[in-house]
Amino acid sequence: MEVVSVADAGRVTETGETGAHGARLTIDLGAIVANWRMLAARGAECAAVVKADAYGCGVARVGPALWSAGCRTFFVAHLAEGIAARAALPEAAIYVLNGLPPGACEPFAAHDLRPVLGSREEIAEWAAFSGGGRPAALHVDTGMNRLGLPVPEALELSGDPRIAAAGIDLLLSHFVSAEKPEDPVNARQIADFARVKAAYPGLLASLANSSGVFLDGAGHDLLRPGYALFGGNPTPDSANPMRPVVRLEALIAQVRQVEAGASVGYNGRWTAPAPSRLATLSLGYADGFPRAISGRGQALVGGVPCPILGLVSMDLIILDVTAAPAARRGATAVLIGDSLDIDTVGRAAGTIGYEILTGLGSRYVRTYVG
């Protein structure tokens, strides 16, 4: 399907033709920029994590919007994501968090990408290739046990000439539990990271992810938010300080009346306890709306909460709209937006808002505003 863009008063819609899909995903670039500015105002330089195609929002749109607002440093997960980000951000510093795969020095250099080095092997390979002429970051593991050098090993390597030969200009680590300020692991990580930072004078340091931005003592030189930029709540025990970014709406394809005892959807998982009015929405798990929300979530029709009935199928969802007089063929149901923010939808699906956001599919009509 050919993609065209139509701009109208700050709104850009990307689709092939009218009616190409029964659901629309609206992404507010202005809200992303406002969220970045709010975080940047907390004191340190503020980068942006745009991995997973900017958390499902599209790095080709999000990257330039953040660059225009003043963001100069970006983080992605993989080399391929770095290449896509470079196409959108020709002048930015782009770090690749998942490290340096064996034999990947050439494509990193060709696209001016900076590997986040987390092992002796990666440091040695990049140092031999770059000779200090190409920048990289050093990842220190302060508790995640996922990627990075353990703290003792990082301290041991602090005077190693390969560190300079690898062109390392940034030291980073990642919080285990920053969204829970009372967790004692936060204080241990902050202290361990400070020890390593002291052993590497002259390097910029980055510890604060989205939730870490709100922890005392975690700021250092470079903030590294991701989820919060896209409207997720970095302080889950408090009101969300971020502006919502995504809105998912689906058209009602059909409305029907059923009698008491009628079953709904695959395997008849829901049976009408009384005469009921049902609406079928034109989206499903193939669009990234999780099957796990079946029978647990809801949509808003005319502002009225309407339960999701039975099983979410590949392309369709059924709602109980008995209490929603606005429900009719062609009307809109809101699945993400208003009171149904991404964290609320994530909880209803038994997961987290990160998974909802990054799982949003490519079939929607996408509209960028702001």
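Read the figures in this text as sums done on the coordinates, not as results from a lab. Please read these numbers as outputs of a predicted model, since none were measured by experiment. For neighbour counting, all protein chains shown are included, and Cβ atoms are generated from backbone atoms with ideal geometry for every residue, glycine included.
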| Estimated vicinal HN-Hα couplings, Hz - region 312-318 in sequence order (Karplus 6.51, -1.76, 1.60; Gly, Pro = x) | 5, 9, 4, 10, 9, 9, 10
| Globularity ratio of region 42-230, using Cα Rg and 2.2 N^0.38 Å | 0.97
| remark: Taking Cα atoms, the helix 120-130 axis meets the longest principal axis of the chain at an angle in degrees (rounded to 10) of 70 degrees
| task | Return a whole-number percent for the relative contact order of the chain, with Cα pairs under 8 Å and 6 or more residues apart as the contact set. | result | 19 percent
| task | Give the angle, between 0 and 90 degrees and rounded to the nearest 10, that separates the Cα long axis of helix 29-40 from the longest principal axis of the Cα atoms of the chain. | result | 40 degrees
| query | So for region 246-369, Kirkwood radius off the Cα pairs, Stokes-Einstein at 25 °C and 0.890 mPa s: how many µm² s⁻¹? | reply | 171 µm²/s
| query | How much net charge surrounds ALA40 when only the other residues with a Cβ under 15 Å from the Cβ of ALA40 are counted, with Lys and Arg +1 and Asp and Glu -1? | reply | +3
| remark: antiparallel share of DSSP beta bridges within the chain, to nearest 5, in %, is 60 percent
| Among (i) 0.94; (ii) 1.05; (iii) 0.98, the entry that matches Rg/Rh (Cα atoms, Kirkwood Rh) as calculated here | (ii)
| note | Toy charge model, Lys and Arg Cβ at +1, Asp and Glu Cβ at -1: region 42-230 dipole around Cα centroid in debye, rounded to 20, equals 300 debye
